[in-house]
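This report refers to the structure that appears directly beneath it.
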Amino acid sequence: MKRNLLSLLILMFLCPTITEAAKTQEDLKIKDVFRIYGKRKNVVMVELSKEMLDTYDITCYKSITIKNDPEALAFIRKCLDNDQQGAKKIKEVVSDGGIISAYYQIPGKSSAINRFILFEINQKGIIPLIYLEGELDSDDLITILFTTKDF
């Protein structure tokens, strides 16, 4: 009985955190990329733990890498086209009419939180897509990405 009560209390304590993490992308179309493609063959999806995120002042990190899937690429581009509306385009590379590399900063729900989408397709058809958010700004993100090997 005590064990069930303890489990219930832990669950009640964690529910706001779980719910808040699920809401981070609710207004973005790329959430559908993670939902639809996350468990498919030739796909790797990563979501970092809170302990890892706290190290970098990040509240949410999700990445997905899809290997050689033209259908997924078309869907991702459609989602990016939608989500980049109102975003700060830090980098965008277009080739043959399609985005091949993008780095967008999207306003968060509060002024202290920034959201980022990073996307690229390489010559081998591998498509990495990263979504993250936190109190960091674009300069902080660049520092993390280019100086930290564990990330």
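Within the range 60-109, if we keep just the residues that are among the basic types (Lys, Arg) and assigned to a helix (DSSP H, G or I), the residue that is surrounded by the most Cβ atoms within 10 Å (Cβ to Cβ) turns out to be Arg77. Within the range 37-62, the set of residues being over 25 Å from Ile126 (Cα atoms) and of a type outside the set (S, T, N, Q) comprises Lys50, Glu51, Met52, Leu53, Asp54, Tyr56, Asp57, Ile58.
The listed residues are Asp83, Asp96, and the only one of them that is of a type in the set (Asp, Glu) and within 21 Å of Arg35 (Cβ to Cβ) turns out to be Asp83.
Laboratory data are not the source of any read-out in this text; all were calculated from the coordinates shown. Being a predicted model, the structure only gives us computed values, none of them experimental. Methodologically, a virtual Cβ is constructed for each residue, glycine included, from the backbone with ideal geometry; neighbour enumeration extends over all protein chains shown.
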